[in-house]
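Please read the structure below before turning to the comments.
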Amino acid sequence: MLELLKYFGLPSVSASTQGPAIDNIISIVHWLMLILFIGWGVFFIYTLIRFRASNHPKADYHGVKSHFSSYLEVVVAVIEIALLFGFAFPIWASRVNDVPKGPEAVQIRVVGQQFAWNIHYPGPDGVFGNTSINLVDEAENPIGLDRKDEFGKDDVFTVNQLHIPVNTPINISLSSKDVLHSFGLPELRVKQDAIPGMVIPVWFEATMTTEEFLKTTIGSGREGKGFEIACAQLCGLGHYRMKGFLTIHDDEGYAAWHEEQQEYLAEEEDDDDWGDDDW
């Protein structure tokens, strides 16, 4: 079933620790849907033939006296309840209740807006700096980061560019500046609505670097294209262009990227120094 679903659009790669469990329930649900479709289709054709007008010229106001369809509906309901409590709830509970909070987890803030993903990383101190709506500048500071704050001086933010390490728990604090968005990483089987006024935890652990993923795309229609961040919620006229990019590094690559960002910050600070002491 999974191979068939991949043919119809399910990403062929599952690049997170939660991916196999999610793929499993997707497969089970589609098998159930197929069985129901065939079963009810056969039943519908049977009733058309069994109760056709030529066999029953006069209407029967008592209808079918068998309780078979009622029993079948009960069986379907029991299966759906089993799927809900046996598969869906445990997966959801692991995503909500087991959010990693220790030092081994990478903490990132993602703020959706029309039509971009603003991504906020703490600096080497591991603490997020303060943000303020009064400091928001859509061109230079879309998250309103206070660079004068002690913990905000070394923070990094990017637009539509999410960088994470492989084989490390990632804890994302998801929010929205304006309307409903939906943060989606299809290959990692991650999707969560971003709701204005709420901060929603989303966590996952990637099992494949971008370099490894690109090797799997060779010879396919996605050759050379890496992981993408999609908005799965219609959020306005520019929804079609609300797309970001996910880069998954090995440990050395992630550390090098952070060092590079700190060098950029140092250069920007030097550029902003107008030599007030010389005036």
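Among what's in the stretch 143-176 and is among the β-branched types (Val, Ile, Thr) and in a strand (DSSP E or B), pick the residue that is farthest from GLY19 (Cα to Cα).
VAL156
Report whether or not LYS215 is over 28 Å from ASP146 (Cβ atoms) and of a type outside the set (Gly, Ala, Ser).
So LYS215 fits the description; yes.
Return only the number of the condition from (1) under 30 Å from CYS235 (Cα atoms); (2) touching a residue at least 12 places away in the same chain (Cβ under 8 Å); (3) not in a helix (DSSP H, G or I) that ALA139 does not satisfy.
(2)
Per-residue answers, yes or no, for (1) surrounded by fewer than 15 Cβ atoms within 10 Å (Cβ to Cβ); (2) part of a strand (DSSP E or B); (3) of a type in the set (Lys, Arg); (4) on the phi < 0 side of the Ramachandran plot:
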{"position": "GLY184", "(1), (2), (3), (4)": "no, yes, no, yes"}
{"position": "MET198", "(1), (2), (3), (4)": "yes, no, no, yes"}
{"position": "PHE204", "(1), (2), (3), (4)": "no, yes, no, yes"}
{"position": "ILE218", "(1), (2), (3), (4)": "yes, no, no, yes"}
{"position": "GLY221", "(1), (2), (3), (4)": "yes, no, no, yes"}
{"position": "LYS225", "(1), (2), (3), (4)": "yes, no, yes, yes"}
{"position": "ILE229", "(1), (2), (3), (4)": "no, yes, no, yes"}
{"position": "LEU246", "(1), (2), (3), (4)": "no, yes, no, yes"}
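Among the residues that make up the stretch 196-218, is at least one of them small (Gly, Ala, Ser), assigned by TED's automatic domain parsing to the domain that holds ASP251 and under 18 Å from LYS177 (Cβ atoms)?
Yes, the stretch 196-218 has at least one match.
Does VAL136 count as modelled with pLDDT of 95 or more, in the same structural domain as THR216 (by TED's automatic domain parsing) and either surrounded by fewer than 18 Cβ atoms within 10 Å (Cβ to Cβ) or under 19 Å from the mean Cα position of the chain (by Cα) (or both)?
no
Select, from VAL74, VAL96, VAL110, VAL42, the only residue that is at pLDDT 85 or above, closer than 30 Å to THR158 by Cα and either within 21 Å of the chain's Cα centre (by Cα) or part of a helix (DSSP H, G or I) (or both).
Every option except VAL110 fails the conditions.
If you check GLU263 against the conditions, is it at negative phi, surrounded by fewer than 20 Cβ atoms within 10 Å (Cβ to Cβ) and either not aliphatic (A, V, I, L, M) or not in a loop (DSSP other than H, G, I, E, B) (or both)?
Judged against the criteria, GLU263 is a match.
Being in contact with a Phe, Trp or Tyr (Cβ under 9 Å, 6 or more places away or on another chain) and assigned to a helix (DSSP H, G or I) is the filter; apply it to the stretch 17-28 and report the residue that is modelled with the highest pLDDT.
It comes out as GLY19.
Consider GLY221 carefully, then state whether it is out of contact with any Asp or Glu (no Cβ under 7 Å at 6 or more places or on another chain) and without any contact (Cβ under 8 Å) to a residue 12 or more places away in the chain.
Here the answer is yes, as GLY221 does meet what is asked.
Which numbered condition trips up SER173, out of (1) farther than 18 Å from LYS243 by Cβ; (2) of a type in the set (Ser, Thr, Tyr); (3) out of contact with any Lys or Arg (no Cβ under 7 Å at 6 or more places or on another chain)?
Result: SER173 fails condition (3) only.
Can you tell me which of (1) without any contact (Cβ under 8 Å) to a residue 40 or more places away in the chain; (2) closer than 23 Å to ASN167 by Cβ; (3) in contact with a strand residue (DSSP E or B) (Cβ under 6 Å, 6 or more places away or on another chain) is the one ILE229 doesn't meet?
With (1) without any contact (Cβ under 8 Å) to a residue 40 or more places away in the chain; (2) closer than 23 Å to ASN167 by Cβ; (3) in contact with a strand residue (DSSP E or B) (Cβ under 6 Å, 6 or more places away or on another chain) applied to ILE229, the lone miss is (1).
Report, by residue number, each residue of the stretch 145-178 that is without any contact (Cβ under 8 Å) to a residue 24 or more places away in the chain, over 29 Å from ASP251 (Cβ atoms) and surrounded by fewer than 17 Cβ atoms within 10 Å (Cβ to Cβ).
Passing the criteria: only LYS148.
Listed here are the residues, each with its yes/no results for (1) under 30 Å from PHE44 (Cα atoms); (2) not assigned by TED's automatic domain parsing to the domain that holds GLY244.
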position: TYR61; (1), (2): yes, yes
position: ALA82; (1), (2): yes, yes
position: PRO90; (1), (2): no, yes
position: GLN114; (1), (2): no, no
position: ASP125; (1), (2): no, no
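Could you look through the stretch 86-126, keep only residues that are without any contact (Cβ under 8 Å) to a residue 40 or more places away in the chain and touching a strand residue (DSSP E or B) at 6+ places or on another chain (Cβ under 7 Å), and pick out the one that is surrounded by the fewest Cβ atoms within 10 Å (Cβ to Cβ)?
Only one residue tops the list, namely PRO122.
The values are calculated or read from the model by the stated rules, or taken from the named source; none is laboratory data. All values reported here derive from a predicted model rather than from experimental measurement. Every residue, glycine among them, receives a Cβ derived from its backbone with ideal geometry; neighbour counts consider all protein chains shown.
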